[in-house]
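Asks: Once you've had a glance at the structure underneath, I'll fire off some questions.
The values are calculated or read from the model by the stated rules, or taken from the named source; none is laboratory data. As the structure is a computational prediction, the values presented were derived from the model and not from experiment. We place every Cβ from the backbone using ideal geometry, glycine too, and count neighbours over all the protein chains shown. Each accessible area value is taken on the protein alone, full model and side chains, heavy atoms only, with ligands, DNA and RNA left out. Shrake-Rupley method; radii C 1.70, N 1.55, O 1.52, S 1.80 Å.
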Amino acid sequence: MPRHPRKPRRLVADGRAYLWTLRHSHRVLESGRAADCRETLTLYPQPADTGGPLRIVFAEGPGRYVPGGFPLGSGDVGYVRGGSLNLHEPGAVRALLDAASVRGWQPGERRAVEVDGWPLLEAAAAARG
């Protein structure tokens, strides 16, 4: 049976468990076209009372792609001339979690933290090989 796309997935990293979700969002213009696309990867430390969520946001911009599907896959983000990741892959999520930790995110923080994913992307893509 296929996994429900809205159901959180589980990741264990360095002895700590997380639930994670990926959401695509955008504005719809009067013409019906999508604008301001963004992918938001959210990791929830487990158990639920052990820390606030980490939101890693990839917003479209010059030299970046954040498609919502066809012709590129859902969850793909990257630089037009550089690294890329598929945010549906657990290994990519782990690499971003590690990159955020290197930059100072602490899983025990009680408040929600939102970070720009673009500064994390190259390190995460390099870690994926």
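Asks: Report the residue count in the stretch 101-120 for those that are closer than 16 Å to Leu43 by Cβ and outside any loop (DSSP other than H, G, I, E, B).
Replies: From the stretch 101-120, those closer than 16 Å to Leu43 by Cβ are 101-117, 120; that's our starting set.
Now narrow it down to the ones that are outside any loop (DSSP other than H, G, I, E, B): 101-102, 113-116, 120.
So the answer is 7.
Asks: Ok, one more. Please go through the stretch 16-33 and pick out each residue that is small (Gly, Ala, Ser) and without any contact (Cβ under 8 Å) to a residue 24 or more places away in the chain.
Replies: The initial filter retains those residues of the stretch 16-33 that are small (Gly, Ala, Ser), namely 17, 25, 31-32.
Residues satisfying the conditions are Ser25, Ser31, Gly32.
Asks: Just the residues that are within 19 Å of His26 (Cβ to Cβ), small (Gly, Ala, Ser) and at pLDDT 90 or above, please, taken from the stretch 52-83.
Replies: Those that are within 19 Å of His26 (Cβ to Cβ), small (Gly, Ala, Ser) and at pLDDT 90 or above: Ala59, Gly61, Gly63, Gly78.
Asks: Exactly one condition in (1) farther than 19 Å from Arg10 by Cα; (2) in contact with a Leu (Cβ under 6 Å, 6 or more places away or on another chain); (3) open to solvent by 40 Å² or more (accessible area, probe 1.4 Å) is false for Leu120; which is it?
Replies: Among (1) farther than 19 Å from Arg10 by Cα; (2) in contact with a Leu (Cβ under 6 Å, 6 or more places away or on another chain); (3) open to solvent by 40 Å² or more (accessible area, probe 1.4 Å), the lone unmet condition for Leu120 is (3).
Asks: Continuing with this model, one more query. For Asp98, which of the numbered conditions (1) out of contact with any Pro (no Cβ under 7 Å at 6 or more places or on another chain); (2) open to solvent by 40 Å² or more (accessible area, probe 1.4 Å); (3) not in a helix (DSSP H, G or I) fails to hold?
Replies: Asp98 satisfies all of (1) out of contact with any Pro (no Cβ under 7 Å at 6 or more places or on another chain); (2) open to solvent by 40 Å² or more (accessible area, probe 1.4 Å); (3) not in a helix (DSSP H, G or I) except (3).
Asks: Which one is farthest from Tyr79 (Cα to Cα) among residues in the stretch 41-68 that are open to solvent by 30 Å² or more (accessible area, probe 1.4 Å) and under 16 Å from the mean Cα position of the chain (by Cα)?
Replies: Pass one, the stretch 41-68, residues open to solvent by 30 Å² or more (accessible area, probe 1.4 Å): 44, 46-50, 55, 59-60, 62-65, 68.
Keeping just the survivors that are under 16 Å from the mean Cα position of the chain (by Cα) gives 44, 55, 59-60, 64-65, 68.
Working: Tyr44: 27, Arg55: 20, Ala59: 11, Glu60: 10, Arg64: 4, Tyr65: 6, Gly68: 15 Å.
If we take residues in the stretch 41-68 being open to solvent by 30 Å² or more (accessible area, probe 1.4 Å) and under 16 Å from the mean Cα position of the chain (by Cα), then Tyr44 is farthest from Tyr79 (Cα to Cα).
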